[in-house]
Amino acid sequence: MNFYTLISKGSFPAVSHVKLFFAGVAITIFSLAAFTAIVDPEEIYLKKYAMQENVAVAVYVESMINSNNGVFSSGPERLVKLTLAEYSEADCFVIGSSRSMQASLRSESWISEKCGSLANLGVSGGSLEDTIIYSSVIADKKNKEILIFVDPWALSFNADVRWRENADIYYSQMDDLDLDRELANSFSFDKIFNLINYEYVNKSFELLRNEGVEAITGFDKNAIEFAPDFDYSTGYDEAVRLPDGSLVYSSEYIAGAASRVVNNGGYKIDSVVVNEEALNVFKETIELLRSSGHNLTFVLSPYHPHVFSRNGDPSIIDRISAIESRLLYIAKSENIDVIGSYDSERYGCTEDEFYDAIHPSFTCLSKLEPR
């Protein structure tokens, strides 16, 4: 029997070991994928579909809106904010990323002067596509105040893939506007690979350690927990979504801000440029909102003072500043008011008014003024 016959029959010892090895790898990968899909710490797989079926998110959002002090932050973020956009009858809507999540009616500020009631639709990594999605949902409402927190990465496509949780709404809106859908890659593949992503697997094990078997039960509409009266400046044991959808971080996270390392603020903008097609889509979205009688304001959420300091990264500073100048030009040409600046020193925001390099606190946001 020759070498090739041994291989073809699988009787060659090395080949058998290779087969066993790859079989073991395949089983391990499948097991990890199944484990993370079931535990699902960010609730984007089995838990998400279960929540959509049992309308738990709708109950959660209704409970949040009608609560006195908010509810503990849970549930898939984008699904929660989408439901809030659909059901809220607020005077004002905030659209943006996590850098907008502190925009709130918790105390007097320029926000409360503009808004009698508020729905904060800010989502982590909020991108241009998220702006299009939430704008399409609230476009049917009439004569609202829309505060669009425009981040430096918001004038480019696919700055974040998480918008594709609501991809069907995005595609429908792009078709309605007769615009190119501008696909970059398949979110289906992104989600599949995410099941074996180290970070997501690690989050799954951490959630299982902390919550035990309850980690796999998902979002239960009967387990919504209301926050007690607490001090917004110091937070509570857990993160809280206030009735207006804004976020108060946990007391541990807030207390840790002072010792948190402040980076150069390059999140999502290491190589970002203004994409002219994306800019066109952004302008079309503005017109969509205006056609429903909405009044628009651009809000530029500040960066930590270190980002713009003498010790800051010049390339990051130049990039952020160039995009701010472009946004001011767009706002002027479109006759849109602008509040704020990426440069926190313009309004006297101090280091202790930030959670990290890119996330200002409510006290910083409340200092912003019209440009």
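Taking residue 358, is it surrounded by 19 or more Cβ atoms within 10 Å (Cβ to Cβ), modelled with pLDDT of 95 or more, more than 21 Å from residue 159 (Cβ to Cβ) and β-branched (Val, Ile, Thr)?
Numbers: surrounded by 19 or more Cβ atoms within 10 Å (Cβ to Cβ): yes; modelled with pLDDT of 95 or more: yes; more than 21 Å from residue 159 (Cβ to Cβ): no; β-branched (Val, Ile, Thr): yes.
No; evaluated as a whole, the condition is false for this residue.
Between a first residue in the range 347-371 that is farther than 23 Å from residue 245 by Cβ and a second residue that is of a type in the set (A, V, I, L, M) and open to solvent by 30 Å² or more (accessible area, probe 1.4 Å), which pairs have beta carbons less than 6 Å apart while being 6 or more apart in sequence or on different chains?
So the pair list comes out as 357/262.
Determine which member of the set 159, 139 is open to solvent by 10 Å² or more (accessible area, probe 1.4 Å) and either in contact with a helix residue (DSSP H, G or I) (Cβ under 9 Å, 6 or more places away or on another chain) or closer than 19 Å to residue 242 by Cα (or both). Don't jump to the end; show me each part of the working.
Working: 139 fails: open to solvent by 10 Å² or more (accessible area, probe 1.4 Å).
Answer to the selection: 159.
Show the residue pairs meeting these rules: Cβ distance below 8 Å; 6+ apart or different chains; first residue within the range 113-134 and without any contact (Cβ under 8 Å) to a residue 60 or more places away in the chain and at positive phi; second residue hydroxyl-bearing (Ser, Thr, Tyr) and open to solvent by 10 Å² or more (accessible area, probe 1.4 Å).
From the range 113-134, no pairs qualify.
I'd like the residue in the range 211-223 that is open to solvent by 30 Å² or more (accessible area, probe 1.4 Å) and closer than 19 Å to residue 77 by Cβ and, out of all such residues, is modelled with the highest pLDDT.
Of everything passing the filter in the range 211-223, 223 is modelled with the highest pLDDT.
Filter the range 299-327 down to residues that are of a type outside the set (Ser, Thr, Tyr) and either closer than 18 Å to residue 131 by Cβ or assigned to a loop (DSSP other than H, G, I, E, B) (or both), then give me how many there are. Break it down stepwise before answering.
Restricting attention to the range 299-327, the residues satisfying the condition of being of a type outside the set (Ser, Thr, Tyr) are 299-300, 302, 304-308, 310-314, 316-320, 322-324, 326-327.
Subsequent filtering for residues that are either closer than 18 Å to residue 131 by Cβ or assigned to a loop (DSSP other than H, G, I, E, B) (or both) retains 299-300, 302, 304-308, 310-313, 323-324, 326-327.
The qualifying residues number 16.
Condition (residue is free of Cβ contacts under 8 Å to residues at least 60 places away in the same chain and on the phi < 0 side of the Ramachandran plot) applied to the range 147-159: is it met by at least one residue? Let's see the steps before the verdict.
Pass one, the range 147-159, residues free of Cβ contacts under 8 Å to residues at least 60 places away in the same chain: 158.
Still in the list and also on the phi < 0 side of the Ramachandran plot: none.
No, the range 147-159 has no match at all.
For the range 93-131, what are the residues that are buried (at least 23 other Cβ atoms within 10 Å of the Cβ) and more than 18 Å from residue 297 (Cβ to Cβ)?
123, 127, 129
Would you pick out the residues in the range 328-348 that are in a helix (DSSP H, G or I), over 23 Å from residue 281 (Cα atoms), open to solvent by less than 60 Å² (accessible area, probe 1.4 Å) and of a type outside the set (S, T, N, Q)? Give the derivation first.
If we filter the range 328-348 for residues that are in a helix (DSSP H, G or I), which is where we start, we get 328-333, 344-347.
If we keep only those that are over 23 Å from residue 281 (Cα atoms) too, we end up with 344-347.
When the remaining residues are screened for being open to solvent by less than 60 Å² (accessible area, probe 1.4 Å), the result is 344, 347.
Within the range 328-348, just 347 meets the criteria.
In this structure, does residue 260 turn out to be within 15 Å of residue 122 (Cβ to Cβ) and touching a residue at least 60 places away in the same chain (Cβ under 8 Å)?
Working: within 15 Å of residue 122 (Cβ to Cβ): no; touching a residue at least 60 places away in the same chain (Cβ under 8 Å): yes.
Taking the combined requirement at face value, the residue does not satisfy it.
Please go through (1) of a type in the set (A, V, I, L, M); (2) in a loop (DSSP other than H, G, I, E, B); (3) surrounded by fewer than 24 Cβ atoms within 10 Å (Cβ to Cβ) for residue 65 and return the number of the only condition it doesn't satisfy.
If we test residue 65 against (1) of a type in the set (A, V, I, L, M); (2) in a loop (DSSP other than H, G, I, E, B); (3) surrounded by fewer than 24 Cβ atoms within 10 Å (Cβ to Cβ), just (2) comes out false.
Filter the range 89-121 down to residues that are out of contact with any Leu (no Cβ under 9 Å at 6 or more places or on another chain) and assigned to a loop (DSSP other than H, G, I, E, B), then give me how many there are.
Total satisfying the criteria: 4.
Check 18, 71, 25, 59 and return the single one that is out of contact with any strand residue (DSSP E or B) (no Cβ under 9 Å at 6 or more places or on another chain), over 25 Å from residue 164 (Cβ atoms) and modelled with pLDDT of 75 or more.
Details: 18 fails: modelled with pLDDT of 75 or more; 71 fails: out of contact with any strand residue (DSSP E or B) (no Cβ under 9 Å at 6 or more places or on another chain); 25 fails: modelled with pLDDT of 75 or more.
So the residue among 18, 71, 25, 59 that is out of contact with any strand residue (DSSP E or B) (no Cβ under 9 Å at 6 or more places or on another chain), over 25 Å from residue 164 (Cβ atoms) and modelled with pLDDT of 75 or more is 59.
The values are calculated or read from the model by the stated rules, or taken from the named source; none is laboratory data. As the structure is a prediction and not an experimental result, all values here were calculated from the model. In this analysis, Cβ positions are derived from the backbone assuming ideal geometry, glycine residues included, and neighbour counts consider all displayed protein chains. Areas reflect the complete protein model, heavy atoms only, side chains present, ligands, DNA and RNA absent. Shrake-Rupley method; radii C 1.70, N 1.55, O 1.52, S 1.80 Å.
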